[in-house]
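Novice: Quick one: the structure is below, questions incoming.
The values are calculated or read from the model by the stated rules, or taken from the named source; none is laboratory data. What you are looking at is a predicted structure, and each value in this text was computed from that prediction instead of being measured. Here the Cβ is made from the backbone with ideal geometry for all residues, glycine too, and neighbour counts use every protein chain on show.
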Amino acid sequence: MRLPSNPACVLVQMSAKTLLDVPAYRRMSRQQFGDLAMSRIASVPQSVTALLDEVPAQAAECVQVQLVHTGSLILEQDDRQTSVPAGGIVVYDVSRPFEFVYPEEFRTTIVQLPASATGASSGLIAGLTTSGVTRHSAAGAVLSGLLRGADAQSGDLGENSRTALSRAIVDAVRMLTREYAGEVGTLDSARACLAEAARTVVRRQLGDPGLSALAIAQQLHVSVRTLHAAFEDERETLGQTVRRLRIDRARHLLETTTLPVRRIAESIGYLDVTHFIRTFKTGEGVTPAQWRRRRVGAAEESGGAGVGQIPAGRRGAPPVSDGARS
């Protein structure tokens, strides 16, 4: 049995039955994130059964990741039960029959992604589901932080941030399966996942002048020290990552818009335009205005239409300055 290949189809058809004689309600929203999709649900105590007979046979196989914000979940699959408390997370294969039981009022976030994206076999996913590792592992903690962030800010994300978030969640699930299979150590797994999660936060909050290591750490529910340690094996420190991504965004805006330099500086989190110009010049060798004029001139000489059709320029990362601690 296979599931819908359309990422917007977060859930297969389900049959729900309330467990208590109470006023019923069900609040649900769905949203696509790059190659995956997310559903947020809040409702009364109930049991929910998957109706897999209604799934098109040609649809792609998928897995789901469920984070229980409040209440609890009992997942029944393959004659086994997996209990997930509030704050817990579980990964499961949705190509096989399954049932949810929510014993009390609950709020949950469910993300669906193609099974092929996990790099894991259905047998590995089945073992992962019942092991409880998703609630206790280092990679599971990072995945939980990503889903909490997605739940809180999904309505405010731009397309680039949504794509970045999708990649980070998929990477965390892949790392979780590798960790469970014993292919990576938990420390390496935690650091790699946490670094990618931090980059996701940075991408979606580049315009926040208050973006800092402390702010990022708080969103990911880790200490600042742990956050910086995650970048010890990366090519860049956290501070270098923040500056590179901001300058990358600035170059894109200089190429594709006619926004004044001050507006561009503000849009990527620089309240002091002089500081932005100095940082940009340190990395590029010219001021933003000079860089834009050169790019426009190059486009005109090559027969382009001006801003928006300028060939990509030098992509060197600027050296460390202030901003997030490096």
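Novice: Could you tell me which numbered condition G182 fails, if it satisfies all but one of (1) modelled with pLDDT of 70 or more; (2) in a helix (DSSP H, G or I); (3) surrounded by fewer than 19 Cβ atoms within 10 Å (Cβ to Cβ)?
Specialist: It is condition (2) that G182 fails.
Novice: Does I216 satisfy the condition of being of a type outside the set (G, A, S) and not assigned by TED's automatic domain parsing to the domain that holds R292?
Specialist: For I216, the condition - of a type outside the set (G, A, S) and not assigned by TED's automatic domain parsing to the domain that holds R292 - is met.
Novice: Do you know which residues across the range 47-88 are more than 19 Å from S122 (Cβ to Cβ), surrounded by 19 or more Cβ atoms within 10 Å (Cβ to Cβ) and either at pLDDT 90 or above or outside the structural domain of V170 (by TED's automatic domain parsing) (or both)?
Specialist: L67, V68, G71, L73, V84, listed by residue number.
Novice: Moving on. Just need a number here: residues in the range 103-112 that are surrounded by 20 or more Cβ atoms within 10 Å (Cβ to Cβ) and either without any contact (Cβ under 8 Å) to a residue 60 or more places away in the chain or within 17 Å of A139 (Cα to Cα) (or both).
Specialist: Result for the range 103-112: 1.
Novice: Hey, can you tell me all the residues within the range 224-281 that are more than 27 Å from E196 (Cβ to Cβ), surrounded by 16 or more Cβ atoms within 10 Å (Cβ to Cβ) and β-branched (V, I, T)?
Specialist: V261, V273, I277
Novice: Here's another thing I want to ask about it. Can you tell me which residues in the range 21-36 are surrounded by 12 or more Cβ atoms within 10 Å (Cβ to Cβ) and either touching a helix residue (DSSP H, G or I) at 6+ places or on another chain (Cβ under 9 Å) or in a loop (DSSP other than H, G, I, E, B) (or both)?
Specialist: Passing the criteria: A24, S29, Q31, Q32, F33, G34, D35, L36.
Novice: Are there helices (runs of 4 or more DSSP H) fully within the range 191-307 with at least 2 residues that are among the β-branched types (V, I, T) and out of contact with any Pro (no Cβ under 7 Å at 6 or more places or on another chain)? List them.
Specialist: Because the criterion is at least 2 residues that are among the β-branched types (V, I, T) and out of contact with any Pro (no Cβ under 7 Å at 6 or more places or on another chain), the helices (runs of 4 or more DSSP H) in the range 191-307 that meet it are 224-229, 238-256, 273-284.
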